[in-house]
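A.B. asks: Right, I'll just put the structure down here and ask away after.
Just so it is clear, none of the values below were taken in a lab; they were calculated from the coordinates. This structure is a prediction, so every number in the text was calculated from the model and none was measured. A quick note on method: Cβ atoms are made from the backbone with ideal geometry, for glycine too, and the neighbour counts reach across all protein chains shown.
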Amino acid sequence: MAKTTKVRKARAPKLPKTVAAAVRAARDKKAVDVVVMDLRHAGGFTDYFVICTGANPRQIAAIADAVEETLRKELGERPALVEGLEKSEWVLLDYFNFVVHVFSPDCRAFYGLERLWGSAERHAFADA
């Protein structure tokens, strides 16, 4: 009798609607290396980080704008703070319960947020 093995599909993580919408908006603008860090059990000042990378300043600004617009239109959410749009090397959108970081490749490598918050649960999303 042949032995069968069950293959389980990796389930998408259960994320709050706001965080999931931010991920979707970033991926729609071709953000790469999209990661959600669950900081709830890591002693963070917020519940989640959404971290992603844009190829150039124009794309970084477009990703940040798409996240902000999607959350405002779909869920009525507005960031409490927006930083970095002038240079578009690292744009930060602070929504209190979660923070969106849109990096240039060099800036992301330099600051290494995933490394700094290594104890947090990490959810990676395939590039679109």
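A.B. asks: Rg (Å, one decimal) plus Dmax (Å, integer) for the alpha carbons of the chain?
C.D. replies: Here Rg and the maximum Cα pair distance are 15.8, 66 Å.
A.B. asks: Would you pull out the residues with amide H under 5 Å of residue 95's amide H, same chain only if 5 or more places away, H placed 1.01 Å from N?
C.D. replies: 80, 100
A.B. asks: Still on this structure, I have one more. Kindly write out, for segment 32-49 in residue order, the coupling ³J(HN,Hα) from the Karplus curve 6.51 cos²θ - 1.76 cosθ + 1.60 (θ = phi - 60°), rounded to whole Hz, with x marking Gly and Pro.
C.D. replies: For segment 32-49, the Karplus curve yields 10, 6, 6, 9, 10, 9, 8, 9, 4, 10, 10, x, x, 8, 9, 7, 9, 10 Hz.
A.B. asks: Could you list the chymotrypsin sites (Phe, Trp or Tyr not before Pro) in segment 16-113 that lie in coil according to DSSP, counting only those with at most 14 other Cβ atoms within 10 Å of their Cβ?
C.D. replies: 45, 96
A.B. asks: Per-residue HN-Hα couplings for segment 108-113, Karplus 6.51 cos²θ - 1.76 cosθ + 1.60 at θ = phi - 60°, whole Hz, x for Gly and Pro?
C.D. replies: The phi angles translate into 5, 5, 5, 7, x, 4 Hz.
A.B. asks: Over segment 32-125, calculate the relative contact order: mean separation of alpha carbon pairs under 8 Å at least 6 apart, over the residue count, as a percent.
C.D. replies: Result for segment 32-125 is 37 percent.
A.B. asks: Moving on to the next point. Straight-line reach from residue 14: which aspartates and glutamates fall under 20 Å, measuring Cα to Cα and dropping same-chain residues less than 8 apart?
C.D. replies: 28, 33, 38, 47, 74, 77, 114, 121, 127
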